[in-house]
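Read through the structure below, which is laid out as C-alpha cells, and then see the notes.
Laboratory data are not the source of any read-out in this text; all were calculated from the coordinates shown. Because the structure is predicted, anything quoted here is derived from the model rather than measured. When we count neighbours, we look across all protein chains shown, and the Cβ atoms used for this are built from the backbone with ideal geometry, even at glycine.
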C-alpha cells in the first residue's frame, strides 16, 4: 500500500491511498484503502490521513476517522491522535498498522506498530526527508 | 503555518535492520524520494493538494518496488487486484475504486470519480468501464506482475501444496 497527504498554498488538505492488497488474498477482497474513514480521510478543518497495514483491522477500527475525531473532539495533537489510533482496540484488532497524517499547519505525523515504515516528508523550502526504520 | 507540505508512505511491515539487502533498501529510498519530488513540484507551482497527492501516488504505482499498481502483491489466484481512494479536505468530495484489475493508475481513476461521478466508490467492471469512458489507460495483467512477485507467489503455492502432500498430513 502507498499513500500521500498534502497541504497546498490555499490551505487545502487532501489524502490519497492506493494498494495491491494482501498477498494471497481472496479474489474480490477489498481492504481499508477505499473505505472512507477507514484507510483514507481528509477534512480541511482538522487533518488528512492515509493508512496501511492489515486492512481488516483498520476498517473495523475506522482508524483514519479516529485520528480526525480525537483531534476535533478530544483536543489531541496530530502526533498524539495518530499514535493513539495505532494502539486503538489492539486487543481485538490484531495486525500491522501504519498511519500517515497531516494537520492544517502542514505538520506530518507517522504512527506504526511494525518498526519499519517506508515514508517521506517535505515542507516548503525545506530539505526532503526519507526514512525506513529510523 | 507552512506554505505547503507533502508526506508519503509506501507501507509498514515487520522488518528489522539487516533483514533487507542494501540494493533493495536503496531502491526503496530512491522510490520514496522520486514520489516526494513529484508531489512537492506540484505544490511548488501553486498546484492543489489533490493534484499533489495524485502525482506522488502515481509515481509509486509506477514503481515496481511498491505494493500498488505495477509490482502489486498477488491474490490467491496469482492475479493483481487494486483498491484506491482520494479525498478533498475542502469539498469533502471522494473518489474510490475497489477490485479493479487492468487500470494502470487506480488513484487517477479514483480522482476522475471524485470529479465526475455522482457516487463515491465504484468496484470491479463498473469501475473499469468508467475508466474506459474517461479514456484512462488500461494495461494487460503482464504489466502489473513482476518476476519477484510471481516467484513469491509460486513459492507460496508450493509451500501450501507441500503442506498438503506431507506424509501424515492426510490423516484426519
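Here is how the numbers come out for the structure above:
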item: Directionally averaged projected area (convex hull, Cα atoms, the stretch B:76-118), nm²; result: 3.4
item: Per-residue mean of C-beta atoms belonging to partner chains within 10 Å, peptide A:122-132; result: 6
item: Distance from the stretch A:1-28 to the stretch B:86-116 (C-alpha centre basis), Å; result: 10
item: Averaged over A:94-106, number of beta-carbon atoms from partner chains that fall within 10 Å; result: 3
item: Residue of A:20, A:28, A:11 that the Gaussian network model of chain A assigns the largest fluctuation, springs spanning Cα pairs under 10 Å; result: A:28
item: Average Cα contact separation per residue, chain B, under 8 Å, 6 or more apart, as relative contact order %; result: 16
item: Per-peptide average of other Cβ atoms within 10 Å, ordering A:64-71, B:156-163, A:106-113 highest first; result: A:64-71, A:106-113, B:156-163
item: Helix B:124-133 axis, angle to chain B major axis (alpha carbon atoms, nearest 10°); result: 40
item: Residue mean of other protein chain beta carbons inside 10 Å, B:40-53; result: 6
item: Between 0 and 90°, nearest 10: helix A:78-87 axis offset from chain A longest Cα axis; result: 10
item: Cα-based Rg of the stretch A:46-120 normalised by 2.2 N^0.38 Å, two decimals; result: 1.00
item: Kirkwood-type radius of the protein assembly as shown, with distances r between different C-alpha atoms, in Å; result: 19.1
